[in-house]
Every structure is written in C-alpha cells, then in structure tokens.
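Each remark here refers to the structure printed beneath this line.
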Amino acid sequence: MSASLPRVAVALAAFNGMAYIGEQLESILRQEGVDVHVFISVDKSVDGTENFLAGLALLEPRLSLLAVGQVFGGAGRNFYRLLREIDLAGFDYLCFADQDDIWDHGKVMRAFRLMTTREAAGYSSNFTAFWSSGKERLVNKAWPQRQWDFLFESAGPGCTYVLHSTLALALQKLVRGAGPHLLCIDYHDWLAYAFARSHNYLWVIDSWSSTKYRQHANNQIGVNSGWGSFWLRARQILSGYGFEQSRLIAEVVGMSSSPVTRLGLQGGRLGCLWLALQARHCRRKPSDQLLFFASCILLALLGPNRKVAT
C-alpha cells in the first residue's frame with residue numbers, strides 16, 4: 001500500500017453476483033487519490049461467483065476473498081462476518097460495498113475531504129437509482145439529522161458509507177463482542193449509523209450522489225420509489241417489525257435505558273403515542289415524519305404487536 005495516499009478497506013458482500021460484480025469491482029479499484037483493498041465475503045452461490053472471484057484474486061493483489069462455503073441468508077449477516085474477520089489495522093477508512101452498484105471514481109476522495117473538513121467520523125451520501133431501461137433518479141437522503149433518527153432509519157444505503165478508522169475499529173469491536181441479538185438486526189448499515197450517532201461520532205450526509213444504485217428484481221433492498229414503497233414502509237411499522245428492529249439496535253448500541261427506548265419503544269400503546277408526539281425527532285424527511293406519526297397513532301389504537309397482512 002502507498003504511504004502517501006489514504007488507505008481504504010472495502011468490505012464487499014456478494015451472493016450470486018456474476019451479472020454485475022465485475023463492473024462494481026472495476027469502479028472500486030479505479031477510485032482516484034486513494035489506495036483501496038477489497039475484502040469479499042460470498043454467501044454460498046450457485047452461479048459461479050466464488051470461482052470467478054477466486055481467479056480474479058490471483059490476478060489482482062488488491063482483492064482478498066474470505067473462505068467460501070458459508071450460508072448467511074442475508075446481506076446483514078454477511079457484512080457482520082466481514083466486520084468480524086477482516087484486519088483493519090493500517091487502514092485509514094472502511095467502506096461497505098454491494099455487488100451490483102457503480103461507484104463514482106471520486107467517491108472516496110470526496111468523502112475523505114469532506115470528513116476532514118468537518119471533522120466527521122462517518123459519511124454517507126445521496127445516490128442515483130438506475131434501471132436497465134436507462135431510467136435514472138436522484139434519491140435525496142441528505143435531510144437534516146434529528147435527535148433520534150438513527151434508531152428509526154439508516155443514513156442511506158450502506159453502499160455510500162465511508163467510516164474513519166476510529167469509528168470502524170470501534171464498530172468492529174462491537175460486532176465481535178455482540179451476543180446473538182446482533183444476527184436479528186437485518187441491516188448492518190442502520191446499525192453502523194446508530195452506533196456512530198449513539199456514541200457521539202460526528203456523521204455527515206452529503207447531498208452529492210456518490211453511487212449509481214442498480215435496481216433489479218433481485219435487490220434485497222430497493223430504492224424507496226412511489227406509493228408501493230410508501231405502503232411497504234408503513235406495513236413494516238404497523239406489523240411491529242420496524243420497531244422491533246429499533247429495539248434490538250437500541251439494545252446492541254447501549255441505549256436500552258434512554259427515554260426514547262424506555263418511554264417509547266418499550267412502552268406499549270402509550271409508548272406509541274409518546275413516539276407519535278416525537279415524530280419530528282425520529283425521522284429526517286418531513287413526509288417520513290408524517291408517516292411515522294400516523295403509523296404510531298394506528299399502532300396505539302390497534303396494539304403494537306398487531307400483524308398486518310403482506
């Protein structure tokens with residue numbers, strides 16, 4: 001690794017990724033002004049992803065493929081494996097990467113400069129969703145951060161994240177020492193943001209689009225677009241799933257005794273009413289605050305453990 005350039009570890013989780021992973025890796029390895037090394041963990045695949053990456057790693061010294069054959073069943077668990085196993089010593093930053101996106105060539109360098117200017121330990125950004133039809137849409141995630149937004153949403157998709165080594169190492173320590181509840185948290189990026197904010201690491205959300213976020217039928221999490229995704233998010237709250245994820249995250253990051261957890265997430269029907277009144281502190285985007293308020297009121301009326309048909 002070059003001693004003069006910022007050294008960046010990239011944690012990439014893959015699963016049946018042959019269709020797009022080559023293009024993604026090319027965009028990562030062509031990052032300007034930084035020295036990158038990509039660590040890849042593959043959820044057991046059937047399309048030749050493991051063999052392709054094993055061959056590529058023999059030719060490209062900036063790639064390291066973790067031992068293959070494990071079944072994770074989801075991106076979150078795959079990323080937790082990466083956080084547990086990769087050696088972050090000697091790296092200045094850590095990025096998360098999906099297998100099917102395309103990074104802007106200046107992504108990491110812009111994050112490095114912005115984080116340095118603002119003395120931030122965590123970075124995420126807007127992104128551009130794109131489809132095979134050629135359609136593209138800029139997605140704005142750079143709404144002002146709120147007091148408790150990190151317990152109810154991530155800072156954007158993990159593929160835009162850049163973590164300073166101080167935050168990355170602390171997060172790695174958390175993951176390595178966490179109990180079985182960790183594996184019940186489905187979203188590694190949400191956990192990373194919640195850990196950073198709850199431990200007073202400064203986080204910046206950039207209004208610039210750093211990543212082209214590919215949309216296709218096999219996305220584990222697609223872009224929030226239109227009334228269909230609006231209703232999906234509402235159902236996640238009404239089913240109790242969203243708040244259960246929030247409770248688990250609060251527990252893992254050490255916020256079980258905080259007012260938002262004790263009075264809100266653990267407060268049953270009255271807790272839902274309490275959260276409704278705190279909606280502007282719990283989500284960043286105004287329309288999401290309104291959805292959050294309405295969902296909390298419905299949960300207070302119907303019961304927080306009510307299941308909504310999907």
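Assorted remarks:
- Principal semi-axes in Å for region 125-184 [√(5λ), Cα gyration tensor, largest first]: 28, 15, 13
- Computed from the alpha carbon atoms alone, the convex hull of the chain holds 130 Å³ per residue.
- Taking a straight line from the alpha carbon of LYS135, these lysines sit under 17 Å away, with near neighbours fewer than eight places off in the same chain left out: LYS212.
- Under 13 Å, Cβ to Cβ, from ASP206 - net charge with Lys/Arg +1 and Asp/Glu -1: +4
- Taking other C-beta atoms within 10 Å as the exposure proxy, HIS181, HIS281 rank HIS181, HIS281 from fewest upward.
- Per-residue ellipticity at 222 nm, computed for the chain from helices alone with -39500 (n - 2.57) per DSSP H run of at least four residues, works out to -12000 deg cm²/dmol.
Bear in mind these aren't lab numbers, they're just calculated from the coordinates by the rules spelled out. Quantities reported herein were computed from a predicted structural model and do not represent experimental measurements. Note: ideal-geometry Cβ built from the backbone for every residue, glycine included; neighbour counts use all protein chains shown.
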